[in-house]
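Undergrad: For reference, the structure I am asking about is given below.
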């Protein structure tokens, strides 16, 4: 909310406080701010790498933060591994939260594949059915599209 209202400095300040209190997700979000928060790219990579080691499998907020970090190409691993981790954290977030948009996005990733992740129509359809059950408006159309491709 603060970022969308142009209050980046305030967002960084609040995120830094949460990171100091030990929030793993906040530490990753701070890394995503990068130079705006006075953090070098190398330090951002180190923070993301450490978060990957420390994350608890049921921490939806940290999974979401790591998805965003890998999507921004943070982390010191190879590009293909970043891509796989990006999808793995999106998948974890979708499973934990049941967020229809996240579930649908996982389906899209499997439908079309991504660097380091092969396309799997079967997995895509499974995720799209889940998204449909959660009320995603495009899920059934996506199922028809991938089945007819």
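Undergrad: Enter the angle in degrees (range 0 to 90, nearest 10) between the Cα long axis of helix 24-33 and the first principal axis of the Cα atoms of the chain, meaning the one along which they spread out most.
TA: 80 degrees
Undergrad: Any chance you could give the angle, 0 to 90 degrees and rounded to 10, that helix 41-54 forms with the longest Cα principal axis of the chain?
TA: Tilt relative to the chain: about 60 degrees.
Undergrad: Given the DSSP H assignment, sum -39500 (n - 2.57) over each helix run of at least 4 residues in the chain and divide by its residue total; what's the result at 222 nm in deg cm²/dmol, nearest 500?
TA: So the helix-based figure for the chain works out to -22000 deg cm²/dmol.
Undergrad: Same structure, new question: Multiply the residue gap between residue 14 and residue 134 by 0.36 nm, knock off their C-alpha separation, and tell me the result in nm, one decimal place.
TA: Taking 0.36 nm per residue and subtracting the Cα distance, the gain is 39.9 nm.
Undergrad: What angle, in degrees between 0 and 90 and rounded to the nearest 10, separates the Cα long axis of helix 121-133 from the longest principal axis of the Cα atoms of the chain?
TA: The angle comes out at about 80 degrees.
A short reminder: the numbers here are calculations on the coordinates, not readings from a lab. What you are looking at is a predicted structure, and each value in this text was computed from that prediction instead of being measured.
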